[in-house]
2 protein chains.
Amino acid sequence: MADHEHSAERALANGRTRIDFQTEPARYRHWQLKVDGNVATLVMDVDEKAALFEGYELKLNSYDLGVDIELADVIERLRFEHPQVRVVILRSAKPRVFSAGANIRMLAGASHAHKVNFCKFTNETRNGIEDLSQNSGVATICAINGTAAGGGYELALAADYIMLVDDGSAAVSLPELPLLAVLPGTGGLSRVSDKRKVRRDHADVFCTTEEGIKGKRAVEWRLVDDAVPGSKFEDAIEARAKEIAAKSRRNGKARGIKLTPLDRSFTADGVEYGALSVEFSRPQRLATIAVRGPAAPPPASADAMVALGANFWPLQLARELDDAILHIRLNELDVAAIVFKSSGDPGQVLAYDQWLDANRDHWLAREIRLLWKRVLKRIDLTSRSLVTLIEPGSCFAGTLAELAFASDRSYMLASTLPHPASGGGSGRGPGDNKPAATIALADANFGAFPMSNGLTRLGCRFLANPSDVDAAKAECGNMLDAARAQKLGLVTFALDEIDWDDEVRVFFEERASFSPDSLTGMEANLRFAGPETMETKIFARLTAWQNWIFQRPNAIGDEGALKRYGTGQKPVFDTRRV
Amino acid sequence: MADHEHSAERALANGRTRIDFQTEPARYRHWQLKVDGNVATLVMDVDEKAALFEGYELKLNSYDLGVDIELADVIERLRFEHPQVRVVILRSAKPRVFSAGANIRMLAGASHAHKVNFCKFTNETRNGIEDLSQNSGVATICAINGTAAGGGYELALAADYIMLVDDGSAAVSLPELPLLAVLPGTGGLSRVSDKRKVRRDHADVFCTTEEGIKGKRAVEWRLVDDAVPGSKFEDAIEARAKEIAAKSRRNGKARGIKLTPLDRSFTADGVEYGALSVEFSRPQRLATIAVRGPAAPPPASADAMVALGANFWPLQLARELDDAILHIRLNELDVAAIVFKSSGDPGQVLAYDQWLDANRDHWLAREIRLLWKRVLKRIDLTSRSLVTLIEPGSCFAGTLAELAFASDRSYMLASTLPHPASGGGSGRGPGDNKPAATIALADANFGAFPMSNGLTRLGCRFLANPSDVDAAKAECGNMLDAARAQKLGLVTFALDEIDWDDEVRVFFEERASFSPDSLTGMEANLRFAGPETMETKIFARLTAWQNWIFQRPNAIGDEGALKRYGTGQKPVFDTRRV
């Protein structure tokens, strides 16, 4: 079954055996970052010989996942390493070409799973660019010097301000539909309709016009913000950058910290990081992510946090968790469920949350909270079943409790022995000295980490009775045992040790037995109750339709448009509308 | 390409050559309606021998499109023929079974297009039940006497109040995922999360538990509103119905009108109705729907409207238009684009709109407006390219102008001759005495017909500049020529007669050349800018994911769950998550 997927899978270039999301500026092949005072210029200059997979070249600033991994990295470094930057100018080093978008040969040869995960990651990166503007005060100007086609224009759409050179040929376009029989899959349709608010009939014309729209009409139709003659283009960009930088609320004096390489080692059945471990139980199709609480109390001062830099526990853990999730998404496709476990002192985790709250006006503390928000969103959007096991010795408190709330289900072990607070024993029966399982809430659970639908995870969980949110909030700082946590609705099941092993095992077996596709669809629906935003529209409406189209013979069949692109043969379509 | 679709298509039962959406109580095979004062009881009693297609039987109150066509019909008749009804009790005639949901053998053997269109229509019908409650004051009580599985429970979810018999075996369930590797496709997931507001982890357990949830837990988890012992079930239903009827705002005194059979005849290349014609241009893959304005001015009184009944022009046209759209959706799959044209006196169309506004408190006038709202929503959700041609002699005014606003594009002919108002000639040049093309707005364009996202079509169109809505509103009642209409943003292109034929022809050719799937995806995204509602979530997020799953080998492959259901063989899944 699905033979076309297997046969289509390309080999990674240069003998690589996995897709690595870690990189650093010295290793970039496709981007240059120049920082001049509070203005950063981010230059796209894709090395056509440095594709992620074998079998295609990245001509005309077209991109693949490897190019986007570098983009995501540089955006993070702008946050943490360059806090003085107030505006980013995004542009191309290629003459008369901004970007040709996602590489078509890459797409045509990619497995369905890779296409889907590629689009998801590129969408997350563009949302990150918007978050950088909205929440960190660093706006992006996109300077389009020529052709911005497909994903190239979608990248521009992530910017706050789009400037197009008006030279009679430079144009923006979304040619996916006429050229490839697919959709602009990196947010293009949603950003055209909901961010740029292009009138729907203009959008219809635009998205079916292969050559795109240029000059004055592009401005009139709201596709770009400005069309500037070539002779005035550089001056206009500079003036606009200065103007935006002057209005930024970002504090430009701070010195950044260095995002040092992750402390990480891969084994046959896992990945070991500094603050978490990933363990694969391949026969059960499980990945267990065990996070470790802080080894030391919070630092004495904000300066001490800056001195710790990437080793500051909340930052270290967020970066490691993000890398682990991405590794599972792209490299471990057979994992059915991700299991979150934790170990450590929940009181210390709460102490870090309180410390970050107290320092919320410090740029680094703020960026760390924003990073956690994005990592948690990435978890929400990960198409694997998510479950949290809250066991003795765990530390699902404050920020870490969000892992339980992001999960499709949580299981909490109800100790049958006296609670440690009462001076009694502990966790899972005689001989186990771990403290009984608890869960604890902090202020951070009530606003710091909105989901992509704009709600907190508890707000979304308790949509039926908002008063349940208040009841939970009243317990902030308390160590809640299983009975209390269940009563408050914070966990799915509180089980005693007699039932624990069987219930959890049966759940894992059941999950692994279900169709992965229907789980993806179910979870994508049940995780996002309540309002929708442009972001959820991108990941739900747009992505789901694109995934459908990516399965249709009209796109991927032997006579389909993606397969026939560049062969000189026209695609043959099944003309029936569905 | 897509051979499995062709081979899978079933023959319609009894030698029928098309699916007919017209029926009447005397011909029902699956439902009984009993009206007792202001309480209606709607009994589901599916005739297992009366399936729409050959090759399966409708056991255990399972349903196919034929069953749902009767349900949609009876809901319309409750509106128009039984205005005294204030509450509907929805129940089953089968012992210990409410409904087994959509027939699995029907689904397993249906073409992809039929599955998709079947789900769309059933969703529209359930939305219609909710609209009946929200806007006409007729609430539905669903009385579940046994098993309500899958689509059976999804039907219950459309009700305002769900009562489950508490007998130790009656249960509600959504077993689609564990049993069939698909999703509950008729709104189930969205209604569980957004209407019933079931907590997400409970929803996860519910949707993966084949046998479902019963009794007290079903109430605790918000899946039903009440679980009642068998001995008290009938009394409880009756009491609840009386209570709801007493609170209904529906005026119970009025006499209904008869929804007489449509005046309709099919030819090889079209369908002729009383107030519209459908013409198929099969080589161009076009369906032209030409609506005709009223032949007479509005009636002198509301009583005269009641006397006209189904022949009252706005009601007649709405019913015919609905039938035409459904006919194209289900029976004319090869149509790429639907072209709306009109002929008649735009002043008369405006007169009808003013008349309906003036009589907005009359139950029949209100029901007619609500019907138009649903028909226009049905058009929005029709996965064909929609275009309106505004030509001399047309009457796109008020309600009929919504057809242009529902379209992906509109083309308006700019007369080169003096405007008739100036005493000059007319339409398309010498010899053509039709009045020049105009478009006109009425109050109805600014609130009577919200789209499924809650916005008016003009509000959604002018999302970027709400002041454009005000500018349009200021023109209410004026006959707007092409130049004015374009300036106001009401039409996509105003063309003179030199360009008209070529531009329109090229558009049609282009549209027919594109991949139908990518058009479906693009239009589903561009038509619904702005907010999302539960209704749009059902048609976008949920439907798009379901359509994807309906294409995946894990569901429809030879070893997939839908194909293997009932064979005794377990499905074999590609275990990779996408």
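Observations
- Residue satisfying condition, being modelled with pLDDT of 95 or more, open to solvent by 30 Å² or more (accessible area, probe 1.4 Å) and part of a loop (DSSP other than H, G, I, E, B), within set A:Arg360, A:Arg366, A:Arg374: A:Arg360
- Contacts under 7 angstrom Cβ, first residue in region B:190-208 being within 7 Å of chain A (Cβ to nearest Cβ) and touching a residue at least 60 places away in the same chain (Cβ under 8 Å), partner of a type in the set (Val, Ile, Thr) and open to solvent by less than 10 Å² (accessible area, probe 1.4 Å), 6 or more apart: B:Ser190/B:Ile538
- Tally, over region A:388-402, of residues that are aliphatic (A, V, I, L, M) and surrounded by fewer than 24 Cβ atoms within 10 Å (Cβ to Cβ): 1
- Number of the condition not met by B:Leu490 [criteria: (1) open to solvent by less than 10 Å² (accessible area, probe 1.4 Å); (2) within 30 Å of A:Lys563 (Cα to Cα); (3) of a type outside the set (Phe, Trp, Tyr); (4) in contact (Cβ under 8 Å) with a residue 40 or more places away in the chain]: (2)
- Contact annotation: residue pairs with Cβ atoms under 8 Å, 6 or more positions apart or on different chains, pairing a residue in region A:154-182 that is of a type in the set (Phe, Trp, Tyr) with a partner that is open to solvent by 10 Å² or more (accessible area, probe 1.4 Å) and in a strand (DSSP E or B), are A:Tyr161/A:Ala139; A:Tyr161/A:Asp226.
- Residues in region A:555-578 that are more than 8 Å from every other protein chain (Cβ to nearest Cβ) and among the aliphatic types (A, V, I, L, M) were compared, and the one that is least open to solvent (accessible area, probe 1.4 Å) is A:Leu562.
- Among the residues making up region B:530-554, a single one is more than 7 Å from every other protein chain (Cβ to nearest Cβ) and more than 30 Å from B:Leu463 (Cα to Cα): B:Phe550.
- Only one of B:Ser133, B:Ser92, B:Ser62, B:Ser99 that is without any contact (Cβ under 8 Å) to a residue 40 or more places away in the chain and either of a type in the set (A, V, I, L, M) or within 24 Å of B:Val192 (Cβ to Cβ) (or both): B:Ser133
- Flag if A:Asp334 is of a type outside the set (Phe, Trp, Tyr), open to solvent by 30 Å² or more (accessible area, probe 1.4 Å) and within 14 Å of another protein chain (Cβ to nearest Cβ): yes
For every residue, the table says whether it meets (1) more than 12 Å from chain A (Cβ to nearest Cβ); (2) of a type in the set (A, V, I, L, M).
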site: B:Cys476; (1), (2): yes, no
site: B:Ala485; (1), (2): yes, yes
site: B:Arg505; (1), (2): yes, no
site: B:Glu510; (1), (2): no, no
site: B:Phe514; (1), (2): no, no
site: B:Arg527; (1), (2): no, no
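- Qualifying strands (runs of 3 or more DSSP E) (wholly inside region B:1-109; at least 3 residues being more than 30 Å from A:Val572 (Cβ to Cβ) and open to solvent by 30 Å² or more (accessible area, probe 1.4 Å)): B:31-36
- Qualifying residue in region B:555-569 (condition: out of contact with any His (no Cβ under 7 Å at 6 or more places or on another chain), in contact (Cβ under 8 Å) with a residue 24 or more places away in the chain, of a type outside the set (A, V, I, L, M, F, W, C) and not in a loop (DSSP other than H, G, I, E, B)): yes
- Flag for A:Ala149 being closer than 30 Å to A:Pro571 by Cα, open to solvent by 10 Å² or more (accessible area, probe 1.4 Å) and touching a strand residue (DSSP E or B) at 6+ places or on another chain (Cβ under 6 Å): yes
- Being touching a Lys or Arg at 6+ places or on another chain (Cβ under 8 Å), over 25 Å from B:Thr520 (Cα atoms) and charged (D, E, K, R) is a condition met by at least one residue of region A:160-178.
- In region A:165-178, the count of residues that are surrounded by fewer than 22 Cβ atoms within 10 Å (Cβ to Cβ) and within 14 Å of chain B (Cβ to nearest Cβ) is one or more.
Residues are listed down the side, and each one gets a yes or a no for (1) in a helix (DSSP H, G or I); (2) farther than 21 Å from A:Glu402 by Cα; (3) open to solvent by 10 Å² or more (accessible area, probe 1.4 Å):
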residue	(1), (2), (3)
A:Glu272	no, yes, yes
A:Ala287	no, no, no
A:Ala290	no, no, yes
A:Ala300	no, yes, yes
A:Val306	yes, yes, yes
A:Gly309	yes, yes, no
A:Gln316	yes, no, yes
A:Arg319	yes, no, yes
A:Ala351	yes, no, yes
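- Picking from residues in region A:321-348 that are farther than 27 Å from A:Asn127 by Cβ and in a helix (DSSP H, G or I), the one that is farthest from the chain's Cα centre (by Cα) is A:Gly347.
- Close pairs from region B:31-57: first farther than 21 Å from B:Phe80 by Cα, partner aliphatic (A, V, I, L, M) and surrounded by fewer than 15 Cβ atoms within 10 Å (Cβ to Cβ), Cβ under 8 Å, at least 6 apart: B:Asp45/B:Ala93; B:Phe53/B:Ala11; B:Glu54/B:Ala11; B:Gly55/B:Ala11
- Verdict on A:Lys120 being within 14 Å of another protein chain (Cβ to nearest Cβ) and open to solvent by 20 Å² or more (accessible area, probe 1.4 Å): yes
- Count - residues of region A:446-472 that are away from chain B (no Cβ under 14 Å), out of contact with any Cys (no Cβ under 9 Å at 6 or more places or on another chain) and within 14 Å of A:Glu402 (Cα to Cα): 4
- Residue list for region A:431-467, restricted to those being more than 22 Å from B:His202 (Cα to Cα) and in contact with a helix residue (DSSP H, G or I) (Cβ under 7 Å, 6 or more places away or on another chain): A:Pro435, A:Ala436, A:Ala442, A:Asp443, A:Ala444, A:Ala448, A:Phe449
- Residue match in region B:117-127 (condition: over 18 Å from B:Ser452 (Cα atoms) and modelled with pLDDT of 95 or more): yes
- Scope region A:225-242; condition closer than 30 Å to B:Gly530 by Cβ and away from chain B (no Cβ under 14 Å); matching residues: A:Asp226, A:Ala227, A:Arg240
- B:Lys537 meets all of the listed conditions (1) open to solvent by 20 Å² or more (accessible area, probe 1.4 Å); (2) within 21 Å of A:Asn547 (Cβ to Cβ); (3) assigned to a helix (DSSP H, G or I) but one, namely (1).
- Condition broken by B:Arg250, with the remaining ones in (1) within 14 Å of chain A (Cβ to nearest Cβ); (2) at pLDDT below 95 satisfied: (1)
- Filtering region A:469-487 to residues that are under 21 Å from A:Pro435 (Cα atoms) and either aromatic (Phe, Trp, Tyr) or open to solvent by less than 30 Å² (accessible area, probe 1.4 Å) (or both) leaves A:Glu475, A:Leu480, A:Ala482, A:Ala485.
- Checking every residue in region B:504-526 against the condition of being modelled with pLDDT of 95 or more, touching a strand residue (DSSP E or B) at 6+ places or on another chain (Cβ under 9 Å), charged (D, E, K, R) and open to solvent by 10 Å² or more (accessible area, probe 1.4 Å) gives zero matches.
The values are calculated or read from the model by the stated rules, or taken from the named source; none is laboratory data. Please read all numbers here as calculations on a predicted model, not as lab measurements. Cβ coordinates were reconstructed from backbone atoms using ideal geometry, including for glycine residues, and neighbour counts include every protein chain displayed. With ligands, DNA and RNA removed, areas are computed over all heavy atoms of the protein, side chains included. Shrake-Rupley method; radii C 1.70, N 1.55, O 1.52, S 1.80 Å.
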